Structure formats: structure tokens, C-alpha cells
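Heads up, the thing below is written out as C-alpha cells.
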Amino acid sequence: MSTAKKSALRTRDMECINWIEFREWVPAKIDTVLLPLGTLEPHGVAPNGTDILAPVAMAREIAPRVNAMVAPAVPYGFTGMLDAYPGSFTIPEEAFRSYVRAVLTGLAKNKFKNIILLNGHGGGQTAILGALAQEVGRDTGARILVVNWWSYCSDVTLEVFGEDGGHAAENETAYILAIDPALVQKAHYKSEMATAIPPPNTWSAYPFPSTIMLYKEGQGYPKFDPVKAKTYFSKVNDKIARLIRETIKKWDMTGV
């Protein structure tokens with residue numbers, strides 16, 4: 001009888017395994033990869049890297065549930081009207097598009113059948129990623145899902161908090177609070193830091209005058225409730241994991 005032990009995956013973080021382990025696990029045992037994407041921009045009293053920290057934590061939490069590896073995050077993004085604030089970055093659209101295309105193509109070349117983009121940043125970045133998913137999917141044969149988590153989970157925001165959220169509002173701030181309370185500087189918060197996003201064709205400003213942007217007037221002000229934050233974190237991750245599992249199942253059913 002052989003006494004050889006079956007190898008176990010030490011970690012799902014791609015950068016922490018060697019090429020020998022990668023060859024053993026991908027794609028024979030794992031053919032799905034989670035790619036977090038974000039940017040650096042102000043988020044009220046949450047960190048500038050909220051759009052990076054949230055999808056990275058999400059990926060690590062749900063990876064075992066969807067049997068996926070976690071790719072290193074793409075941290076610099078297409079920021080827009082908040083890039084004048086300290087510590088912010090905007091990568092030119094063409095440079096961002098080319099870089100992300102190369103990352104997606106590389107993941108497909110490394111034999112991942114399912115590439116899941118966990119996007120943490122809105123604005124023009126969502127449109128770019130949606131277009132790239134189609135382009136790279138056609139070119140490589142990979143199956144690509146783009147998830148803009150805060151928007152997809154807007155119903156969870158209403159369920160947990162009883163009102164709508166926003167950029168750096170109750171929902172995003174709560175998600176970061178659940179990751180690490182020390183990352184949220186409640187002492188710096190003032191309600192005057194928030195402004196409702198204006199209706200289309202009414203007014204616009206660069207830079208936007210507030211770093212907390214409410215989807216609805218009077219709703220979404222951060223409350224810093226640690227219990228609700230943990231509940232929100234859990235429910236968001238559950239919904240995202242369910243979407244990924246169901247999408248892969250449907251891809252498999254249709255044979256694409």
C-alpha cells in the first residue's frame with residue numbers, strides 16, 4: 001500500500017504558490033479565478049483603498065465556496081471626478097484598458113476557464129470592464145463574469161440598513177468596518193461631508209465637493225454599527241458567491 005500523502009492546497013492566493021503547485025491544481029482541480037479590481041480615491045472616513053480592500057476581502061472569503069484561486073488585485077483604476085483629492089489616482093483609459101486586457105488574457109492563457117472580475121470601483125471603470133469581458137472572452141474562449149458588488153447588492157443594503165447607500169456611504173463604510181474597524185476613522189466624520197448625487201443634467205462639479213456621495217437625498221449616512229456591518233459583510237458575500245456558482249452552472253449547462 002502506498003504511503004504517499006495527497007497534496008493539499010496551502011493557499012488560494014496565486015502569488016503565494018509556486019509553479020509546481022500551480023501546474024498540479026490549475027486547471028485539473030481549480031478552473032476558476034477571482035480577480036479583484038479597484039482604485040485609490042477618497043471614501044469619507046474609510047480608507048482611500050476601499051475599492052481595493054473590499055473586493056480583495058470578498059475574494060478571499062468566497063474563494064473556497066466557489067473553488068477558485070484569487071489573483072493579485074489590479075489596484076490602480078479609472079477614477080474620475082475624485083482624483084484631485086490627496087492620495088488619489090486616475091490611470092488614463094487606454095493604459096488601463098490595455099493593462100487589464102493583458103491581465104485577463106494572461107489568466108486565460110494560464111488555463112482558467114472561468115474568470116470572475118470582482119470590481120470595487122464605479123464610474124467609467126464599469127463600462128470598460130464590461131466591454132473587455134466580451135472582447136477577451138471572444139478572443140480566448142474564457143468565460144468572464146464582471147460583478148460590480150455594491151450595485152448588485154443594493155437590495156442587501158436596503159435589507160440591512162433600511163435605506164439606500166452610496167459612495168463611501170453606509171454600505172461601503174460598513175463593509176470596511178467588518179474587515180477591520182481600525183480602518184474606519186469615525187472621529188473624523190461629519191454629516192456635512194456627504195452630498196446627494198445630482199440628477200442627470202442638473203449640475204456637476206470637478207472635483208466633486210464631497211467624498212461621501214449619497215444615492216438618495218437624506219439616505220445612506222454612515223452609522224458605524226459594528227453588528228450591522230458584520231451582517232452586511234456576510235450577506236453581501238453570500239449573494240456574490242451564489243451568483244458565481246449559478247453563473248458557472250448555467251455556463252456548464254449550455255456548453256459554452
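Quick note: the coordinates plus some simple rules give every number you see, no bench work behind them. Computed from a prediction, not measured in an experiment: that's the story for all the values here. Counting neighbours? That spans all protein chains shown, and the Cβs are built from the backbone with ideal geometry, glycine included.
Please give the peptides 95-104, 228-237 ranked by average Cβ packing (other Cβ atoms within 10 Å per residue), highest first, as a rough proxy for protection.
228-237, 95-104
How much mean residue ellipticity at 222 nm does the chain get from its helices, if each DSSP H run of length 4 or more adds -39500 (n - 2.57) and you divide by all residues, to the nearest 500 deg cm²/dmol?
Using -39500 (n - 2.57) per qualifying helix, the result is -13500 deg cm²/dmol.
With unit charges on the beta carbons (Lys and Arg positive, Asp and Glu negative) and the dipole taken about the Cα centre of the chain, which residue among Trp149, Phe233, Pro72 sits farthest to the positive side?
Pro72
What percent of all Cα-Cα pairs in the stretch 52-110 falls in each 5 Å bin, counting up from 0?
It works out to 4, 15, 19, 20, 20, 12, 7, 2, in whole percents.
So, with +1 on the Cβ of K and R and -1 on the Cβ of D and E, and no other charges, what is the size of the charge dipole of the stretch 33-161 about its Cα centre, to the nearest 20 debye?
660 debye
Per 0.36 nm of contour for each residue apart, how much would the distance between Gln134 and Asp252 grow if the chain were fully extended, relative to their Cα-Cα spacing?
40.7 nm
By average Cβ neighbour count within 10 Å, what is the ranking of 81-92, 167-178 from highest down?
Output ranking for 81-92, 167-178: 167-178, 81-92.
In nm, to one decimal, how far is the Asn110 label point from the Ala205 one, both placed 7 Å along Cα→Cβ?
4.3 nm
At a temperature of 37 °C and a viscosity of 0.692 mPa s, determine how fast the chain diffuses translationally according to Stokes-Einstein, using the Kirkwood radius over alpha-carbon pairs as Rh; express D in µm²/s, rounded to the nearest whole number.
171 µm²/s
For the chain, modelled as a GNM with alpha-carbon contacts under 10 angstrom, which of Gly137, Gly124, Gly49 fluctuates the most?
Of Gly137, Gly124, Gly49, the Gaussian network model singles out Gly124 as fluctuating most.
Relative to the compact-globule scaling 2.2 N^0.38 Å, provide the ratio for the alpha-carbon radius of gyration of the stretch 104-179.
1.33
Principal axis lengths of the stretch 30-81 from Cα atoms, whole Å, largest first?
38, 20, 13
How would you rank 205-213, 69-77, highest first, on the average number of other Cβ atoms within 10 Å across their residues?
The packing order, highest mean first, is 69-77, 205-213.
On each of the three principal axes of the Cα atoms of the stretch 1-129, give max minus min coordinate, whole Å, ordered largest first.
Dimensions of the stretch 1-129 along the principal axes of its Cα atoms: 66, 30, 21 Å.
Expressed in nm to one decimal, what extension gain is obtained for the pair Tyr99 and Asn67 from 0.36 nm per residue of sequence separation less their Cα-Cα distance?
My answer for the length gained is 8.9 nm.
Nothing charged except the Cβ atoms of Lys and Arg (+1) and of Asp and Glu (-1): what's the magnitude of the dipole of the stretch 14-246 about its Cα centre? Round to the nearest 20 debye.
680 debye
Just for the chain, what percent of DSSP beta bridges are antiparallel, to the closest 5?
Antiparallel: roughly 15 percent of the beta bridges in the chain.
Which of the DSSP-defined H helices in the chain satisfy a minimum axial length of 20 Å, computed from C-alpha atoms, and a minimum mean Kyte-Doolittle hydropathy of 0.5?
Flagged H segments are 50-66.
Which far-off residues, 5 or more places away or on another chain, put their amide H under 5 Å from the one on Val146, with H placed in the peptide plane?
Leu117
Would you mind calculating the gained length between Ala127 and Phe22 on full extension (0.36 nm times residue separation, minus the Cα-Cα distance), in nm to one decimal?
The span from Ala127 to Phe22 would gain 34.6 nm if fully extended.
Can you give the Kirkwood hydrodynamic radius for the stretch 129-231, in Å, rounded to one decimal and based on Cα pairs?
One decimal place: 15.5 Å for the Kirkwood radius.
For Asp155, Asp238, Asp51, what's the fewest-to-most ordering of other Cβ within 10 Å of each Cβ?
Fewest-to-most Cβ neighbours within 10 Å comes out as Asp155, Asp238, Asp51.
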